[in-house]
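Okay, so here's the structure we're looking at.
The values are calculated or read from the model by the stated rules, or taken from the named source; none is laboratory data. The model shown is predicted, which means the values in this text are computed figures rather than measured ones. Glycine also receives a Cβ, built like all others from the backbone with ideal geometry; neighbour counts cover every protein chain displayed.
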Amino acid sequence: MKSRTKTTTAGMALVGIFAGGIALAHSGATGVVKERMDGMVALRDGVREVTPMMRGQADYDADAVAAFARTLQEHSGEAMTELFPEGSGGGVSKAQDAVWTDWEEFEALAMRLEVLGEALERASANAPAGGGGAAATDMMGMGSAMTDDTGMGGMMGTAQPMAMDLDSLAELPVDHLFLQVSQTCSACHTKYRAEGN
């Protein structure tokens, strides 16, 4: 039960993060700001499709998860950071100044998301652990250790660091990777995205 609760909470939070204010923010957006908002919409739509599978509320569809993982890769890493040139904040943009003042951390999260997307695509054939099994409980229990008071998911703080070895990540149950994707997105949005008006 603990596993399902953590995955459910993470998935719901991620959907909320992506959904909050996107439609309103798009009004009047142009150029690179619109491009990055469109990317967030694509990610939001993918999360909405995959979350019920991770929560055990829909049949698992490996092809749909792999498609979401490819979308994640398309909108992360360098593809993401290129959409945040200096001076592209303000106006309808939700990007906070911290994107540019803490560029190394922002870039690290974008790159981490890309690696997780690759791992998620490779792991899409892996069954979700779900259902409160021992392995799921152990991994999901580690999720709280991965999140520290900086909101950086343990990656930037003193909590247990998450492995970035692609081969090791790809061997994880797919819902464990989805949780890491959720934590990475949440960490980025917490620090670098302004709240809706």
**Request:** Restrict the check to segment 28-35 and report whether at least one residue is β-branched (Val, Ile, Thr) and closer than 18 Å to CYS185 by Cβ.
**Result:** no
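Scan GLY157, GLY132 and give me the residue that is touching a Lys or Arg at 6+ places or on another chain (Cβ under 9 Å), modelled with pLDDT under 50 and over 19 Å from VAL41 (Cα atoms).
Working: GLY157 fails: touching a Lys or Arg at 6+ places or on another chain (Cβ under 9 Å).
Residue meeting the stated conditions: GLY132.
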**Request:** Filter segment 54-78 down to the residues that are buried (at least 16 other Cβ atoms within 10 Å of the Cβ) and farther than 17 Å from ARG122 by Cα, then identify the one that is farthest from the chain's Cα centre (by Cα).
**Result:** GLY56
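Does THR150 fit the bill of being at pLDDT below 90, part of a helix (DSSP H, G or I) and of a type in the set (Val, Ile, Thr)?
Working: at pLDDT below 90: yes; part of a helix (DSSP H, G or I): no; of a type in the set (Val, Ile, Thr): yes.
Judged against the criteria, THR150 is not a match.
May I ask you to say which residue of VAL33, VAL47 is among the hydrophobic types (A, V, I, L, M, F, W, C), part of a helix (DSSP H, G or I) and touching a Cys at 6+ places or on another chain (Cβ under 9 Å)? Outline the logic, then answer.
Details: VAL33 fails: touching a Cys at 6+ places or on another chain (Cβ under 9 Å).
Step by step, each of VAL33, VAL47 is checked, and only VAL47 is among the hydrophobic types (A, V, I, L, M, F, W, C), part of a helix (DSSP H, G or I) and touching a Cys at 6+ places or on another chain (Cβ under 9 Å).
Based on this model, can you work out whether GLY117 counts as buried (at least 16 other Cβ atoms within 10 Å of the Cβ), assigned to a helix (DSSP H, G or I) and not acidic (Asp, Glu)?
Answer is yes for this residue.
Is there a residue being of a type in the set (D, E, K, R) and assigned to a loop (DSSP other than H, G, I, E, B) anywhere in segment 70-87?
First, the residues of segment 70-87 that are of a type in the set (D, E, K, R): 70, 74, 78, 82, 86.
Right, trim to assigned to a loop (DSSP other than H, G, I, E, B) and you get 82, 86.
So far as segment 70-87 goes, yes, one or more of its residues are of a type in the set (D, E, K, R) and assigned to a loop (DSSP other than H, G, I, E, B).
Would it be correct to say that MET111 is buried (at least 16 other Cβ atoms within 10 Å of the Cβ), at pLDDT below 90 and touching a helix residue (DSSP H, G or I) at 6+ places or on another chain (Cβ under 9 Å)?
Working: buried (at least 16 other Cβ atoms within 10 Å of the Cβ): yes; at pLDDT below 90: no; touching a helix residue (DSSP H, G or I) at 6+ places or on another chain (Cβ under 9 Å): yes.
No: the conditions fail for MET111.
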